[in-house]
């Protein structure tokens, strides 16, 4: 079943909630301000999300990799896996990790 | 309006605009300069921090130290109220806070809760470990009710494992800039990467060390100052008869008899910083030398200037198995005792007979006198044979044994020796037969020494073949006519398989158990010398035997140049006929 736009918003809200708990609200919200195509409430809930999800995800990854590659990898993996499955059902999780640098480029 | 006034106003206006423009430009320049200064300051901070990592941490994987360097130098970067760390240990969490601005317990508690939330989110599990708390810097003001208004937390991740957190907090709202926070994240991540690389290097080096220790023939293990077993190799496990994959110090200490107090000696070595050697301890059926050596930190001088002597990491224990040496030493001692006994026996007989002759001069008839002289002659000959054997063995040991070759026929030697023993064999009702292939050519060999070999082997067979037995000598060449193969076969009592391997060794007679009821005199060097003579000719000697089925000893002598042993021909043929008979001792058989 394909993931809907609202489900992505929910998944990202959950990720940002984790970021706030891990890094703190100040740095998380400050970093999210630099991400174009997304509007986030002070509690990390995604209020608005651009249709161009790939660009938004790329920007999120770029911003938060500065803070912790490990955290970004572990939190974003489910979303990226899901996104990749939708475009190519045969691609495995391992390939997703390998393709991440291309996404960031 | 007057022209001068207009001109004056215009000039003022132009100057004013120019001043404003200049001020704007100056302001821009100042801002740029400030940004550059800030960048420069951050860069310098980063470099100095990295240098401090290098100086203070070196090759240590101490997360506490890394976090300590970061939090301790933070005031050079930006102002803050507190800098806290939470480090994960196997049994607890260590929570430390450096107080830069006066805060109260409420503030500290908020930080702790925030860090615990962060850690639980990172690990995806509840944390139930005990928390050790420490404060540094300014004192807490118990009455201070300030709360944490802004903060950020940096996870310290080493090789994909979260090892700790750093949280910087302030009493003021939105106090930290994104640039400041990002810089600290970058520095911390850079330190974590260094730690990860260092951990990998250390893991590789540890792997190499473990491989090296594992390949040692001696048993080695190492304990740290807390008496934890850091490493143990297979040789040590074998000596201590430990079957576990990952034994503990208790397994090791309980494998060593408590009277040696190895644990106490390890402690002494570490406390007194001195090596301890135990010359010999018995562990089960093994004898072991134990070397306990304190292990020091080789870089202690660069780490601290306070201590007079290097700090001890632990102690290494080397177990050198001396069972073989000890057995060999006993074997040599027994050999000497046996030699003395063997040499004393004929001397005693000679002394007794000669005393009898001299003290009873004129009282002894000719017949008795002749018998006594025969005893003296026989015992003197026995003594001479034994002394010659010892000398031959000594030459073989020293690699100085030489043969004097001349052209001759093996048929002649075999015939001579067969004839020599016929009378003795008939006395025991033993038949000696010889089968010699026609056409064996003349070749170079030492007739005296080869005769000694045949002599020795027939003599042995006679000793251990019962009445009615048969001893067969045969000689033939191999298919290529490059070797003469000589066999001496008897149908005596044979030799058990487990005793055959040591039969040609120097000390074989000592270690073996002599069969009940058979006490053969002799030095036990016979087969050792046989082997030496045959090998000096470039030949080989081998044995085929089974209890109660007889024995065949085969030796080869090269017809061509000595030392060349063709692959197939070098293996002497299997013994042919083995007839059942009684069987004497293995080791004492060849003397």
query = What is the one condition in (1) within 14 Å of chain A (Cβ to nearest Cβ); (2) under 21 Å from residue B:87 (Cα atoms) that residue B:176 does not satisfy?
reply = (2)
key: Sole exception among (1) part of a loop (DSSP other than H, G, I, E, B); (2) within 12 Å of another protein chain (Cβ to nearest Cβ) for residue B:140, by number   = (2)
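Results for (1) part of a helix (DSSP H, G or I); (2) at pLDDT 85 or above; (3) assigned by TED's automatic domain parsing to the domain that holds residue B:533, shown as yes or no for each residue.
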| site | (1), (2), (3) |
| --- | --- |
| B:338 | yes, no, no |
| B:342 | yes, no, no |
| B:345 | yes, no, no |
| B:350 | yes, yes, no |
| B:362 | no, no, no |
| B:375 | yes, yes, no |
| B:379 | yes, yes, no |
key: Checklist (1) under 16 Å from residue B:89 (Cα atoms); (2) within 14 Å of another protein chain (Cβ to nearest Cβ) applied to residue B:129, failing item   = (2)
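Would you tally the residues in segment B:107-123 being exposed (fewer than 14 other Cβ atoms within 10 Å of the Cβ) and either away from chain A (no Cβ under 14 Å) or under 44 Å from the mean Cα position of the chain (by Cα) (or both)?
Here is the first cut: in segment B:107-123, the residues exposed (fewer than 14 other Cβ atoms within 10 Å of the Cβ) are B:109, B:113, B:123.
When the remaining residues are screened for being either away from chain A (no Cβ under 14 Å) or under 44 Å from the mean Cα position of the chain (by Cα) (or both), the result is B:109, B:123.
Count: 2.
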Helices (runs of 4 or more DSSP H) fully within segment B:408-508 counting 1 or more residues that are under 46 Å from the mean Cα position of the chain (by Cα) and not assigned by TED's automatic domain parsing to the domain that holds residue B:386 = B:447-464, B:497-500
ask   = Of all the residues that make up segment B:146-155, how many are at the interface with chain A (Cβ under 9 Å from one of its Cβ atoms) and surrounded by fewer than 16 Cβ atoms within 10 Å (Cβ to Cβ)?
value = 0
ask   = Residues in segment B:163-171: is at least one out of contact with any strand residue (DSSP E or B) (no Cβ under 6 Å at 6 or more places or on another chain) and either more than 21 Å from residue B:86 (Cβ to Cβ) or modelled with pLDDT under 85 (or both)?
value = no
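Suppose we filter A:19, A:70 for residues that are under 21 Å from residue B:156 (Cβ atoms), within 14 Å of chain B (Cβ to nearest Cβ) and either modelled with pLDDT of 95 or more or in contact with a helix residue (DSSP H, G or I) (Cβ under 7 Å, 6 or more places away or on another chain) (or both); which single one remains?
Values: A:70 fails: either modelled with pLDDT of 95 or more or in contact with a helix residue (DSSP H, G or I) (Cβ under 7 Å, 6 or more places away or on another chain) (or both).
Only one candidate passes the filter, namely A:19.
This table checks each residue for (1) within 14 Å of chain A (Cβ to nearest Cβ); (2) outside any helix (DSSP H, G or I); (3) crowded, with 21+ Cβ neighbours inside 10 Å.
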residue	(1), (2), (3)
B:182	yes, no, no
B:188	yes, no, yes
B:195	yes, no, yes
B:210	no, no, no
B:214	no, no, no
B:217	no, yes, no
B:227	no, yes, no
B:244	no, yes, no
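Right, residue A:46: surrounded by 15 or more Cβ atoms within 10 Å (Cβ to Cβ), more than 14 Å from chain B (Cβ to nearest Cβ) and in contact (Cβ under 8 Å) with a residue 24 or more places away in the chain or not?
On the way: surrounded by 15 or more Cβ atoms within 10 Å (Cβ to Cβ): yes; more than 14 Å from chain B (Cβ to nearest Cβ): yes; in contact (Cβ under 8 Å) with a residue 24 or more places away in the chain: yes.
Spelling it out, residue A:46 is indeed surrounded by 15 or more Cβ atoms within 10 Å (Cβ to Cβ), more than 14 Å from chain B (Cβ to nearest Cβ) and in contact (Cβ under 8 Å) with a residue 24 or more places away in the chain.
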query = Of the residues that sit in segment B:156-173 and are free of Cβ contacts under 8 Å to residues at least 60 places away in the same chain and either assigned to a strand (DSSP E or B) or farther than 22 Å from residue B:98 by Cβ (or both), which one is nearest to the other protein chains (Cβ to nearest Cβ)?
reply = B:157
inquiry  = Regarding segment B:67-74, can at least one residue be identified that is at pLDDT 80 or above, exposed (fewer than 10 other Cβ atoms within 10 Å of the Cβ) and under 30 Å from residue B:127 (Cα atoms)?
reply    = no
task = Report the residue count in segment B:544-561 for those that are farther than 30 Å from residue B:462 by Cβ and either surrounded by 14 or more Cβ atoms within 10 Å (Cβ to Cβ) or modelled with pLDDT of 90 or more (or both).
result = 1
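Of the residues in segment A:22-43, how many are in contact (Cβ under 8 Å) with a residue 12 or more places away in the chain and either within 12 Å of chain B (Cβ to nearest Cβ) or under 28 Å from residue B:162 (Cα atoms) (or both)?
Filtering segment A:22-43 down to residues in contact (Cβ under 8 Å) with a residue 12 or more places away in the chain leaves A:22-23, A:25, A:27-29, A:31-32, A:34-38, A:40, A:42-43.
With the extra rule that they be either within 12 Å of chain B (Cβ to nearest Cβ) or under 28 Å from residue B:162 (Cα atoms) (or both), the set shrinks to A:22-23, A:25, A:27-29, A:31-32, A:34-35, A:40, A:42-43.
Going through segment A:22-43 one residue at a time, the tally reaches 13.
The values are calculated or read from the model by the stated rules, or taken from the named source; none is laboratory data. Source: prediction; values computed, not measured. Positions of Cβ are generated from backbone atoms using ideal geometry, with glycine treated the same way; all protein chains shown enter the neighbour counts.
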